[in-house]
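Input: a single structure, listed below in structure tokens.
The values are calculated or read from the model by the stated rules, or taken from the named source; none is laboratory data. Remember, it's a predicted structure, so these values are computed and weren't measured experimentally. FYI the Cβ positions are ideal-geometry reconstructions off the backbone, even for glycines, and counts take in every protein chain you see.
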Amino acid sequence: MELLEILKERMSSDELLQIARAIRDSYSPFMPDRELRGLLRQALPAGAVTDESFRLPSHDMVNTILMNFYPGEEVVKYHLVKTRVHRRDEITAFEIGILNSRLDLGTINGRSYAYEIKTELDTLAKLERQLVDYSAVFEFVTVVAHEAHCPKVLSMIPMHCGVRSYRRTATGMKFRTVRTATRSPLLNSISQVSCLNSEELQWLLKENGVKNVGNTRKQRVEALLSRIPERRINALFKYALKRRFKTRWQFVTEHFAEINPVDLQTFFSSRIDPRILYYRDSSIVYK
């Protein structure tokens, strides 16, 4: 009997969620295979994991458990990202620092899109502040919320923000557009420039022929804001983000089929060869 069938037969949905949460809280993709085996044996009920279970790499087993029993942000991100990996002239980035918030997913093509995920495990306590930050920097802002959250989300967010609901299905996840985002009226060039690092500020000034502005971040910010039109700054901000994240996103798209869904963000940040990470301590031979 397969591991998932054993777990479903022996345990309730709440028990499976607690086990998956415990695994998720202890799991790191950088853990070697032997440590993951220990984690799985400790977290799962006695007899559920046997030597036969480890025909698959332990990373794959963790991924299977989390994708089936843990309705967390990583799972939603995977289902959102997999629809975008083959789009041309577009990058998607994970966990972008935006003012006082951290954006779950940002997409840049000709326009800029912010996606804030609220799973059934999340509260909405920070949502209003997060949307204020994102709306000052991104042209289109959408909340991706579990369907149980949608009524409250709709009642508390600005009208320009979009809402996409989702629910888990037997084959994955189904998304539905509840309200389409419109262009943010709060877009602010000062906020956009403040999200760029010093190297990006210097590069943008050079690209636009602005010279002799000094070496401090404050001087570079003042030069951009005073010498480049606000509408142009929006375009430069998008260009700078694409430049910052292009290599990382290309790595994810090129290796998407080799990466376990719950590990996408780790590979986006590290760009380590999946075969090295997953098999470096395993007896399983890969080609």
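Applying a threshold of 6 Å to beta carbon distances and a minimum spacing of six or more residues, or different chains, the list of pairs starting in segment 268-280 at a residue that is over 17 Å from PHE94 (Cβ atoms) and ending at one that is outside any helix (DSSP H, G or I) and of a type in the set (Phe, Trp, Tyr) reads ARG275/TYR286; TYR279/TYR286.
If you check ARG243, ARG248 for being within 23 Å of ASP60 (Cα to Cα), of a type in the set (Lys, Arg) and either in a helix (DSSP H, G or I) or not assigned by TED's automatic domain parsing to the domain that holds TYR113 (or both), only one passes: ARG248. For segment 94-103, the tally of residues that are buried (at least 20 other Cβ atoms within 10 Å of the Cβ) and free of Cβ contacts under 8 Å to residues at least 60 places away in the same chain stands at 1. Among the residues of segment 165-222 satisfying the criterion of being assigned to a helix (DSSP H, G or I), of a type outside the set (Val, Ile, Thr) and within 23 Å of the chain's Cα centre (by Cα), which is surrounded by the most Cβ atoms within 10 Å (Cβ to Cβ)? Within segment 165-222, the match that is surrounded by the most Cβ atoms within 10 Å (Cβ to Cβ) is GLN192.
Restricting attention to segment 1-24, which residues are surrounded by fewer than 17 Cβ atoms within 10 Å (Cβ to Cβ) and touching a residue at least 60 places away in the same chain (Cβ under 8 Å)? Matches in segment 1-24: LEU4 only.
Residues of segment 53-93 that are touching a residue at least 12 places away in the same chain (Cβ under 8 Å) and more than 29 Å from ASP14 (Cα to Cα): ARG84, VAL85, HIS86, ARG87, ASP89, GLU90, ILE91, THR92, ALA93. Tell me, please, whether a residue that is closer than 28 Å to PHE256 by Cβ, of a type in the set (A, V, I, L, M, F, W, C) and in contact (Cβ under 8 Å) with a residue 24 or more places away in the chain can be found in segment 151-172. No: segment 151-172 contains no residue that is closer than 28 Å to PHE256 by Cβ, of a type in the set (A, V, I, L, M, F, W, C) and in contact (Cβ under 8 Å) with a residue 24 or more places away in the chain. Only one entry of GLU254, GLU200 meets the criterion of being within 30 Å of GLU73 (Cα to Cα) and in contact with a Lys or Arg (Cβ under 8 Å, 6 or more places away or on another chain), and that entry is GLU200. Suppose the filter is touching a Leu at 6+ places or on another chain (Cβ under 9 Å), of a type in the set (Lys, Arg) and either more than 18 Å from LEU187 (Cβ to Cβ) or modelled with pLDDT of 95 or more (or both); does LYS152 pass it? Yes.
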